[in-house]
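To keep things clear, I will list the structure first and then write my remarks on it.
The values are calculated or read from the model by the stated rules, or taken from the named source; none is laboratory data. Being a predicted model, the structure only gives us computed values, none of them experimental. Reconstructed Cβ throughout: ideal geometry from the backbone, glycine too, with neighbour counts over all protein chains shown.
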Amino acid sequence: MDLRLVDELSYLALGVGLTVWTGRALSRSADELLGQVLDDHALAESVGRVLVIGFHLLGLGAVALMLPIGDGATSAAGIVRSVAIRLGLALLVLGGLQLGALLALRRRCRPSVGLRAVPGDAAPARPGRFPY
């Protein structure tokens, strides 16, 4: 068997597995958070599902685009190095996507969470924000 094929198949198996696992973790977290914030349970499930589908599409696209990166490994050590480099890049992309999803959820959930009226103020105060 060609070593390049072993390299690409091992990278694809690990990259797709990590993407799906991270997406499922995002799904569980998003379902719980959106369920607490949104009054409509069906809407919370739909928003979470759309978020996870977008995450999977972006993550799997990044994994697929990084497939040709490599130096044509000629040994087992070269395969490990090549797979490690591509998986590291894929993990950075997945981490960025997870952070982006968290920030999007935070922005979406902020108006209904954390607003409190301060006596004497006309507008509600936002914790952690400057008044100007």
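Data table
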{"item": "Residues satisfying the stated conditions in the stretch 5-42, i.e. β-branched (Val, Ile, Thr) and within 11 Å of the chain's Cα centre (by Cα)", "result": "19, 20, 22"}
{"item": "Residue in the stretch 56-69 that is at pLDDT below 85 and either part of a helix (DSSP H, G or I) or charged (D, E, K, R) (or both) present", "result": "no"}
{"item": "Residue 69 surrounded by fewer than 18 Cβ atoms within 10 Å (Cβ to Cβ), over 30 Å from residue 105 (Cβ atoms) and in contact with a Gly (Cβ under 8 Å, 6 or more places away or on another chain)", "result": "no"}
{"item": "Lone qualifier among 12, 3, 60, 87 - being in contact with a Gly (Cβ under 7 Å, 6 or more places away or on another chain), touching a residue at least 12 places away in the same chain (Cβ under 8 Å), over 16 Å from residue 105 (Cβ atoms) and hydrophobic (A, V, I, L, M, F, W, C)", "result": "87"}
{"item": "Selection status of residue 39, more than 23 Å from residue 100 (Cβ to Cβ) and outside any helix (DSSP H, G or I)", "result": "yes"}
{"item": "Residues satisfying the stated conditions in the stretch 70-91, i.e. of a type in the set (Lys, Arg) and either out of contact with any helix residue (DSSP H, G or I) (no Cβ under 8 Å at 6 or more places or on another chain) or outside any helix (DSSP H, G or I) (or both)", "result": "81"}
